[in-house]
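For reference, the structure discussed in these notes is given below.
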Amino acid sequence: MIAIDTNVLLRYLLQDDPHQSPIANQLLERAEKVLITDVVLVEALWTLKGKKYQLTREQIIDVVHALFAESNFIFENNQVVWRALRDFMQVMGVKVNGKTRFADFSDALIANKAVSCVHLGEFESVYTFDIAAQELAICQRP
């Protein structure tokens, strides 16, 4: 198994660098298992959503689905990432300063990771000031 940094994942996903993208392709295609840590996943999605690439919510969902479709890619905890994706897809938008905002994938991952780290009977909630993230079932305002 190998693990990759965000820049390797981005070069693979974007195919935007004539030198680094082919190297990333070869590395990921020859590896039996490729670990994508939570930090790498979140950094990559933030980058893709940011000013330069401006991927939409639906495109972010497609990227995560595509990563799951890669037979040699694994996450720190596949079930947690899958539940975060489900919550991210289902969360309702909320009006903030006249704009509709949605919880980020990272918000959904934080919440689901918290639930996975404790016994369910002991877990109360994830507290956040992020109004959009409060729309996730396991999040609430402090």
Residue pairs within 6 Å by beta carbon, gap of at least six or interchain, first lying in the range 122-137 and open to solvent by 40 Å² or more (accessible area, probe 1.4 Å), second assigned to a loop (DSSP other than H, G, I, E, B), listed first then second, are Tyr127/Pro142; Gln134/Arg141; Glu135/Val91; Glu135/Met92; Glu135/Ala103
Residue count, the range 98-132, condition at pLDDT below 85 and under 23 Å from Gln54 (Cβ atoms), comes to 1
If Arg83 satisfies all but one of (1) over 22 Å from Gln15 (Cβ atoms); (2) surrounded by fewer than 19 Cβ atoms within 10 Å (Cβ to Cβ); (3) not small (Gly, Ala, Ser), what's the number of the condition it fails?
(2)
Residue pairs meeting the criteria (Cβ under 8 Å; at least 6 apart or on separate chains; first modelled with pLDDT of 95 or more, in the range 20-33; second surrounded by fewer than 15 Cβ atoms within 10 Å (Cβ to Cβ) and among the β-branched types (Val, Ile, Thr))
Leu27/Ile2; Ala31/Ile2; Lys33/Ile2
Out of Ala108, Ala69, I need the residue that is open to solvent by less than 60 Å² (accessible area, probe 1.4 Å) and of a type in the set (Gly, Ala, Ser). Which one?
Ala108
Going through Thr56, Thr47 one at a time, which residue ends up being farther than 19 Å from Ala132 by Cα and open to solvent by less than 80 Å² (accessible area, probe 1.4 Å)?
Thr47
Being more than 22 Å from Leu136 (Cα to Cα), open to solvent by 70 Å² or more (accessible area, probe 1.4 Å), in a helix (DSSP H, G or I) and not charged (D, E, K, R): is that true of Asn7 here?
yes
Taking the criterion of being more than 28 Å from Ala103 (Cβ to Cβ) and acidic (Asp, Glu), would at least one residue in the range 24-43 satisfy it?
yes
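The values are calculated or read from the model by the stated rules, or taken from the named source; none is laboratory data. Keep in mind that what you see is a predicted model, and the values were worked out from it rather than measured. Virtual Cβ from ideal backbone geometry, glycine too; neighbours counted across all protein chains shown. Note: areas computed on protein heavy atoms with side chains; ligands, DNA, RNA excluded. Shrake-Rupley method; radii C 1.70, N 1.55, O 1.52, S 1.80 Å.
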